[in-house]
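Notes for the one structure printed next.
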Amino acid sequence: MAANSMIELSDQELVELSRFVEEKYGIVLIKKKMLIQGRLSHMLRERGITSFRDYMNILYKDTTNTEITSFLNKITTNHSYFMRESEHFDFLTKQVLPYLEANRPSKVLRIWSAGCSAGQEAYTVAMAIDEYFGTRKAGWDTSILATDISMNELSRAKAAVYPAADIKDISPQWRSKYFVQKGADQFQVCDKIRKEVIFRPFNLMDPIPFKNPFDLILCRNVMIYFDMETKEKLVERFYNHTVSGGYLFIGHSEGINRSATRFQYIKPAIYRK
């Protein structure tokens, strides 16, 4: 086999692999044959695996989820950066936080970054909250739950070290306030903000185990990999775990079937219970 040739994924193997991944993770791959071959062939050759059949057998036997996580990292895009879709953070500061401050006498906010990738979204929310409350922040519990299926992404998120390109949209004021430079091209989120975010592994296809409902759920640019039925079921689970008056933010490239959800449409990519 030539060093740069792709390993062939048969149509039968594609159907089988797609069914396995969709049942377990909700991700639809049936039209991604060339993408799978292109992104995995080099890795398979490096490991001495000569066929997708052999690789699939390894995937099926993996009880640690290490192999499937590596696979999902290869075929999905974990690209994120700070202040991505900045309209959400404007709305958070101008609408959501004033509402929650006025309506949460417990001074406890529950926020979930679902499909958090390497943590940029969760940390941006934490910074927006810190900026909004200012000196009032000490009286509030505003810790953020951030979950992802990828242990690699969660490790990056916990380390909180990012290249300069990831913080290009952060204002100079926030950059000096919330980041520590770690070299010519590396920046780390400051300890105060890092302590605001709790990272946990979680598969969005599983029943949601968190007992208390959330004031805000962010699930942005995750559902693009799901079919309509999977997406609608997930949105319904989100609804059941959102407090009355709470919000759901999705990605601007995503949509929710408004006739199939009990969430109220507020504006593009923003919904409310």
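Just so it is clear, none of the values below were taken in a lab; they were calculated from the coordinates. The structure displayed is predicted, hence computed values, not measured ones. Neighbour counts are summed over all protein chains in view; Cβ atoms, including those assigned to glycine, are modelled from backbone coordinates with ideal geometry.
Couple of notes before you dig in:
- Magnitude of the charge dipole for the range 11-75, about its Cα centre and with charges confined to Cβ atoms of Lys, Arg (+1) and Asp, Glu (-1), is about 200 debye.
- Within-13-Å neighbourhood charge of Gly26 [Cβ basis; K, R +1; D, E -1]: -1
- Inter-label distance for Lys177 and Glu236, nm, one decimal - labels placed 7 Å from Cα along Cα-to-Cβ: 4.2
- Cβ-Cβ FRET estimate between Asp54 and Met151, R0 fixed at 22 Å, reported to 0.05: 0.40
- When the alpha carbon gyration tensor of the range 13-152 is reduced to an equivalent ellipsoid, the three semi-axes, largest first, read 41, 14, 13 Å.
- Scanning residues 5 or more positions from Ser113 or on other chains, those with amide H under 5 Å from its amide H are Leu145, Ala146, Thr147, Leu218, with H placed 1.01 Å from N in the peptide plane.
- Taking each residue as 0.36 nm, the span from Gln188 to Phe20 lengthens on full extension beyond its C-alpha to C-alpha distance by 56.7 nm.
- Projected-area mean, the chain, by convex hull of Cα positions, square nanometres: 16.0
- Backbone N under 18 Å from the Ile224 label point (7 Å along Cα→Cβ), restricted to the range 236-269: 249-257, 268-269
- Rounded to the nearest whole angstrom, the semi-axes of the ellipsoid equivalent to the range 90-241, taken from the Cα gyration tensor as √(5λ), stand at 25, 21, 13, largest first.
- Segment Asn212-Ala164, length gained on full extension (0.36 nm per residue, minus Cα span): 13.6 nm
- Within the range 203-234: backbone nitrogen closer than 18 Å to the Gln264 label point (7 Å, Cα to C-beta): 214-217
- For the chain, the relative contact order works out to 17 percent when only alpha carbon pairs closer than 8 Å and six or more residues apart are counted.
- Of all DSSP-defined beta bridges confined to the chain, some 40% are antiparallel rather than parallel.
- Virtual paramagnetic centre 7 Å along Cα→Cβ of Ser106, amide N under 16 Å, in the range 194-238: 210-217
- Chymotrypsin sites (Phe, Trp or Tyr not before Pro) restricted to the range 138-190 and DSSP loop, no more than 13 other C-beta within 10 Å: none
- Theoretical gain in end-to-end length, Asp11 to Lys195 [0.36 nm per residue, Cα-Cα removed]: 61.5 nm
- Directionally averaged projected area (convex hull, Cα atoms, the range 11-75), nm²: 4.0
- Listed from fewest to most Cβ neighbours within 10 Å, the set His241, His88, His252 follows the order His252, His241, His88.
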